[in-house]
Every structure is written in C-alpha cells, then in structure tokens.
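Input: a single structure, listed below in structure tokens.
The values are calculated or read from the model by the stated rules, or taken from the named source; none is laboratory data. Computed from a predicted structure; not experimentally measured. Every residue, glycine as well, gets a Cβ built from its backbone with ideal geometry; the counts of neighbours run over all protein chains shown.
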Amino acid sequence: MAKEYEKLNQIKQKQTQKEESYKPVFLRLNQPQDESKFFEILESPGLFVGDFIIDQIKELLQFKSPQKKFLPQELDQLAKQHLGSNQPEAYGVWVYFPWSNRLIHILDEEEFIQVRTSRNQLKITPDEQQKLSQKKIGVIGLSVGQSVSVTLAMERICGELRLTDFDLLELTNLNRIRTGVHNLGLPKVYSVAREIAEIDPFIKVVCYPEGLNEANMNDFFTKDGKLDLLVEESDGFDIKILSRYKARELKIPVIMEASDRCMVDVERFDLEPERPILHGLVDHLDITTLKNLKTTEEKIPYMLDILGIETSSPRLKASMLEIEQSINTWPQLASAVTMGGGIAADVSRRMLLHHFTDSGRYYVDVEEIIGNKSGKLIKKTKKQKKIKQPDLTVTDMKKLISKLKTNDKSDAGKQTLKKIVHAAIAAPSLGNSQPWSWLSQKNKLFLFIKRNYSESVSTKLFFNEYLAAGAAIENATIKAAELGYHAKIDYFPFGVSSNLIAKFTFKNAPEIKHQGALANYIFIRETNRKRGLGSEIENKVLNEIRDSISDVKGASLNFLTDKNKITTIANALSVCERINLLNPVMHSEYLNKEVIRETRILGKVGIDFRTLEEPNSVFMAHKILSDKKVASFLNECGKGKLFENLAYNKISNSSAIGLITMPSHSKMDLINGGIAFEKAWLSATKNNLAFQPICLYLYLIKFLEEGEKDKLFSQEDISDLQKVKEQVSLVFSELDLKRGVFLFRLFDAERPNTRSLRKPMKEVFFES
C-alpha cells in the first residue's frame, strides 16, 4: 500500500503546482506558435476537448438576422458560406483551462460577446453593453462577493474584475458559494476567477489572493486604470472602512449587499465626494481599534453598528447571540447570497449607466414581500392579563390616614422627617422600582406602597413591594436613631390588604444614637455586579453579617463558602437567568422595563445597563434580545447559552452565597425579610464587601410551585426549573429554600462604575 500512497502524493504535488492557475490560455491556430502549443496540449493525458464551433456560428448567424426563421438545412448552408475557405478547426479561438485540463473551441472575442450577450437585449442596449465592457469593478470579499462577481460576469457588466480575498475555500463555505468539493483548499479568488473564465474567458480578471491591505490598496484601486465601482463585501471591519476612505478619495462609488433582508447599501462618492462614510454610522469608530479586533465577540457590536440592529432580521439578531456559544460565526444562506448577488449586479449596472444616482440603504425583504397574510410568522404566546389598579394619589393617601383615630404625638420636626425619608428612599428594591410613597402629618410618617403593575414574577408574588418596604423601614429606623429618635412603627393600620404599610411615630431618645451606627453606610450601599476575585472572606466577617439580623423576628441567614457548592449554585442560577431573559412574559418585563439601555432615556426607576458591569458586546446582546421575536425564536430553539455563561461566570466567582429565610411568606414576614436583608447589606458594606442580590431562583421556584405556572412557563421551562431545584437542594436544605426570601452573593471587587438613579424627594415625599 505504501507505493500506492506514494503515487497519490505525487499526483497531489502536481496538482498543487497548478493551484494558482486561473487564467485561460488562448490558442489561435492561424498563428504558428499557438498551433504548436495546441498540438502539445492535445497530448495531455485525460484531456477533454469540446468543439461546438459550428453550432456557435449558427447562433451568430441567427443573431444577425433576428427577423428570419431559418430552417436547419439553411443554417447549415449559411455556416459553410460563413467559413469560406477556412477550416472549421482554425476558425475562432481554442481556449485551454489548465486547472480542469479542458480544451474548448469558441468564437473569437467580438463574435463571442455578441452571441453570449444577445439575450441581454434590449434590457441592455448594444450601446449600453459597449459602455459597460469598458468598466472596471473591484470586489472585496468573496462569499457574497462570489455571487455578485459571477452575476456581473454573466451579464457582462464590466470588462475587468479585480478580486480580493485572503481565505481558502472550506467545506463550511459550500452552503452559500456555488462551487464543488474539488475546489476545497483553493484560494477563493482563484475559484471565482476560474468560474468567470469558464463563462467568459475574455473578461479580464485580476486576483489579489493576499487580500486587500494598506500595502496593495492603491494598486487594487488604480493599476491599469481607476476602478469605476467598488463592491465591498469584506468581513474585516478595518478594510471595510479603509476601502471606503480610498473610494471617497478617488470618487469611486461603493455598493455593499449584506444578504440579511437583502440589504443594499449605496454610497455615491463619485457624485457626493464629501459624503460621510457609511452614512455617518461609523463616524464614532476608531480605525486603530477596528484593526485590533480579534474575536467574534469583539466584532459583533461594530458589525451591528454598521448593519443596524433595528433593521436586522430577527433570526440574524438571534444568531448574533449564539456565536461562539452554539454556532461558530454569523450565518448566511445560499438563497439570500444568490438573491443578493443578483440585486447587487442589477444596482451596479444601473449605477454604471447613470440610471441610478442616489445614495442610501435599501431592503428587499422576501419574508415581508411574500409571507402569511396575517404577517404573524412567530408562534403566539398567551397574553398575560395585567391587574391594573389606579395610581395612589396624595389625595387618596390623605383621605385614608384621616380615618385613623389616634392621639399619639411625634417629636420629630419637618427637617428631621425629610432626613429620615431621604435615608429611607435610598433603600434597594427589585428592578430599582422604588414602589413607595411617604406622607407626613403632624410629625408622623406614613409609608404607602404603590403597586408596580408589573408582570415580573416577584411582583405577582408580592415579594418586591414588601421586601422593598422592609428595607426602607430599616433605613428610616437607623437614620432616626442616628438623629436621636426612637421610631415606633405600627404595621398595616387598616389591615394587610391596604396600601398603607406602616405608621411611624418618633420619640426623642438621645441614648439610642449608637443604634444608628450603620446610617453612615446607607448612601454608600450599592449593588455591585462585577465578576469578583473569588477571594476568601474571614469567618468573623461572615459572623458579623449574620449577627446583624439576629434581632429580626424569625430571620435566619445561612452562608455557602465551599467552592464546589458555589459552583452548583452558579450552574442552577444561570439557567434561571436564561429562562428570565427568554420567557416571553419575563423577557418583556426585564429587558423593556427594568433594564434601561440608552443613557439618553434614563428615567428615575429601572436598572441602568451600565450597572450590570458588562462589556459593550453584552450591551449589544441585550439590545438585540429586546426584540420579542428574537427571544421567542431562541426560546423555541432551546438556545441562550450566552446568558447562562454570563451569569455563571459572575456567581461562580463569589466568595460566599447568602440565603435569608423567614418562617413564612406572609406580608409581615416579607417586610421583616426586607429589614433583615438591608441590615445584612449595610453590614457587608461596612466590611468593604461587594454585594449583589441573586433572588431570581427563589421567585421562579415559588411561582412554579404556587402560581399559575402553565400561564407563565413552557413545559421546557418547567422541566429545566425542576432540574435546577434538584441542584440547589444539594447545597441548601429543602426547608430553607421553601422559606427563602432573599439570596445574595458576597465578593471582593472594585466599586461599580455606575449607580442606579433614585426618584427625587418631591416625587415620593408629601407633606400634609
């Protein structure tokens, strides 16, 4: 077998020597040197000879006399007359294609072009065809560019094509590039050049297999005459930008076809030499940064800047989130690439003939043009019914407290109450919803909860409102103590169904000022969503945090510090994060209400995206995911690993995971739970520890067990949550999990770069 394999290697070596061959050899037998070469080639083993010159002559004759209908025998006679004394073998030109060992007999250039383009008439007039034959077109990038280039050649929209791409053909290219497996490993430029030569060997093709770079750019644009049009289909963002600068400098128009939704981008630098590159979409981009982009993750934000997030198809946007997760790179389909090649060629022709002179961005979206009449291609999800109550007005609050019959007096003055409320509203709330209103009357304070009308699971379970109320109550109590007042709190004066949560009466008590020691940390406390260093926390610090909640009735705090157990929690909670982001109801609530992505539209509630401490690529991922169709598609496909990984990487690098439990999930116990977690949070802040709530698991599992789960979760979600529950039960007792009200992570990290905004006092504090 060794000899056979050696023979194989010899054959492969010979073929490698032919690899760079892409130019056909023309042989005219009336020239002695060509005739000699011709007979030499005839001796080539395995040579294919195609001689259909008589048939081509007949086509030529029919082309010249369109008004006549010749009988076959008439055409035979006219063909003989046309040849005259010439031997058929010597007429026209023989073309040898070295890469395929084929020798083909065709009409010579002028007659060949006439016949080959005859079916272009009169969509392209002879005069227009002649003008186009003088044009030079450069094509950068030969995936979409392959389809464009071949179509340009087929229509003969130019006389010269300059092709550049540094890639070799790979098997993954064959889903969209029309070629065969025999070309695998061949430079793309040669594959395209060969295909064009086999269609029309008279079109001049110049190849740049090294790809376009700053060293050869001038040559590509100007050698042997300036380009008339640039077709830019590069994956390299630096080349995408630099080539446009060069085109603008030389007043060369540019066209780009992006295949997704058949987006066609036209920039008429020939008519508008001062026009901004890519319509101004990249004015903010630094070319040096673009050159240094290595990973797909780094490139995606820039790609979406150029293509436009809002105008990309849902499936492309969904794919962006799966790159290097479940897929390797962004997808392209043969149907889109083929259609794009045709449209780009059509636009190129009209540009070169000055039939189309505008710049702009255009879409030929087949799914929009040809689709279901309803226009609803995505499976509908059950719309959740919102329970909307009227907003609680100041008049409502005053009317309610007027019904209270109490003669107790409060010692705190107006300025003191303002300081107390200022501290109270600095308390945390899920989604930074700040669901509270405060009213002062006769030196007393009244805390009301304003319903969020939210679709979030925590709101459906009343977790958010009452935990947030508890945290605010704790801040108010601490601040009052610091100012020398004892806060007497009466909970639910009108019962637990009322929006009035608590009444505060303050008594002078200078002796309790020491109880307000944590007041110094109220305005320092912050959510930190950085990754963390994973360093160990001393037991005495954990004990101090645990002891801080010891006076809260029914409250208990358990810590996990074992790295394996933290990893288990991280795995489980990352699945919850994916479900939260992709579930139709929760997705809408979180990404379109809670997380504020655009600085310019930041309100006083919600989470500023910058506080998530994620790179720009994740910002773009969230922006993409805000499209319901994208989330729905990913959910149906069982994707979203990116978001699992993001959550896992953070949680797994925690130093400790804390779980606060209460005897029940009654409203009063939830308020006490809020008091407890704020105490723990302030204690952690005092010890310079980063703190992040990670409560989602508790709320999802509770809703799974006690809510109308079929209205919120798919069967796949339910199955995943059941598995998550089993995982978490390995590290926390089942009883603790059932009673859990607050889950958080502790870690060492730098302070966050951004803090969430707060409502101003005038919107939450009212005096009567």
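Given the options Glu170, Glu195, Glu160, name the one that is touching a helix residue (DSSP H, G or I) at 6+ places or on another chain (Cβ under 8 Å) and surrounded by fewer than 21 Cβ atoms within 10 Å (Cβ to Cβ). Walk me through how you get there before you give the answer.
Details: Glu170 fails: touching a helix residue (DSSP H, G or I) at 6+ places or on another chain (Cβ under 8 Å); Glu160 fails: touching a helix residue (DSSP H, G or I) at 6+ places or on another chain (Cβ under 8 Å).
Going through Glu170, Glu195, Glu160 in turn, just one is touching a helix residue (DSSP H, G or I) at 6+ places or on another chain (Cβ under 8 Å) and surrounded by fewer than 21 Cβ atoms within 10 Å (Cβ to Cβ): Glu195.
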Matching residues in segment 207-224 - criterion: being buried (at least 18 other Cβ atoms within 10 Å of the Cβ) and within 20 Å of Leu352 (Cα to Cα): Phe220, Phe221
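Each row is one residue, and each column tells you yes or no for (1) assigned to a loop (DSSP other than H, G, I, E, B); (2) touching a strand residue (DSSP E or B) at 6+ places or on another chain (Cβ under 6 Å); (3) more than 18 Å from Ser556 (Cα to Cα).
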{"site": "Leu704", "(1), (2), (3)": "no, no, yes"}
{"site": "Asp710", "(1), (2), (3)": "no, no, yes"}
{"site": "Asp720", "(1), (2), (3)": "no, no, yes"}
{"site": "Leu735", "(1), (2), (3)": "no, no, no"}
{"site": "Glu763", "(1), (2), (3)": "no, no, yes"}
{"site": "Phe766", "(1), (2), (3)": "no, yes, yes"}
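Scan the strands (runs of 3 or more DSSP E) fully inside segment 95-180 and keep the ones with 2 or more residues being in the same structural domain as Ile255 (by TED's automatic domain parsing) and not hydroxyl-bearing (Ser, Thr, Tyr). Please lay out each step first, then the result.
Working: elements: 102-106, 136-140, 160-164.
In segment 95-180, the matching strands (runs of 3 or more DSSP E) lie at 136-140, 160-164.
Being within 19 Å of Lys299 (Cβ to Cβ), of a type outside the set (Ser, Thr, Tyr) and either without any contact (Cβ under 8 Å) to a residue 24 or more places away in the chain or not in a helix (DSSP H, G or I) (or both) is true for just one of Asp283, Asp219. Which residue is that? Before you say what the answer is, go through the steps one by one.
On the way: Asp219 fails: within 19 Å of Lys299 (Cβ to Cβ).
Result of the check over Asp283, Asp219: Asp283.
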Could you please find all residues in segment 225-247 being touching a strand residue (DSSP E or B) at 6+ places or on another chain (Cβ under 8 Å) and either surrounded by fewer than 22 Cβ atoms within 10 Å (Cβ to Cβ) or β-branched (Val, Ile, Thr) (or both)? Gly225, Lys226, Asp228, Val231, Ile239
Checking Pro663 against (1) crowded, with 20+ Cβ neighbours inside 10 Å; (2) in contact with a Lys or Arg (Cβ under 7 Å, 6 or more places away or on another chain), which single condition isn't satisfied? (1)
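Look at Val731 and say whether it is in contact with a strand residue (DSSP E or B) (Cβ under 7 Å, 6 or more places away or on another chain), under 23 Å from Ile478 (Cβ atoms) and of a type in the set (Val, Ile, Thr). Let's see the steps before the verdict.
Working: in contact with a strand residue (DSSP E or B) (Cβ under 7 Å, 6 or more places away or on another chain): yes; under 23 Å from Ile478 (Cβ atoms): no; of a type in the set (Val, Ile, Thr): yes.
In short, no.
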Criterion: more than 29 Å from Lys563 (Cβ to Cβ) and either modelled with pLDDT under 90 or surrounded by 13 or more Cβ atoms within 10 Å (Cβ to Cβ) (or both) - qualifying residue of Leu712, Leu743, Leu721: Leu712
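Against the condition over 30 Å from Ala247 (Cβ atoms), among the aliphatic types (A, V, I, L, M) and at pLDDT below 95, how does Leu107 come out, does it pass? Working first, answer last.
On the way: over 30 Å from Ala247 (Cβ atoms): yes; among the aliphatic types (A, V, I, L, M): yes; at pLDDT below 95: no.
For Leu107, the condition - over 30 Å from Ala247 (Cβ atoms), among the aliphatic types (A, V, I, L, M) and at pLDDT below 95 - is not met.
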Quick one: is Ile203 in contact (Cβ under 8 Å) with a residue 40 or more places away in the chain and out of contact with any Cys (no Cβ under 8 Å at 6 or more places or on another chain)? no
Hey, any hits in segment 56-76 for a residue that's at pLDDT 95 or above, under 55 Å from the mean Cα position of the chain (by Cα) and exposed (fewer than 14 other Cβ atoms within 10 Å of the Cβ)? no
What single numbered condition from (1) at pLDDT 95 or above; (2) crowded, with 17+ Cβ neighbours inside 10 Å; (3) touching an Asp or Glu at 6+ places or on another chain (Cβ under 7 Å) fails to hold for Pro435? (1)
Residues (free of Cβ contacts under 8 Å to residues at least 24 places away in the same chain and either of a type in the set (Asp, Glu) or surrounded by 11 or more Cβ atoms within 10 Å (Cβ to Cβ) (or both)) located in segment 40-55: Glu40, Glu43, Asp55
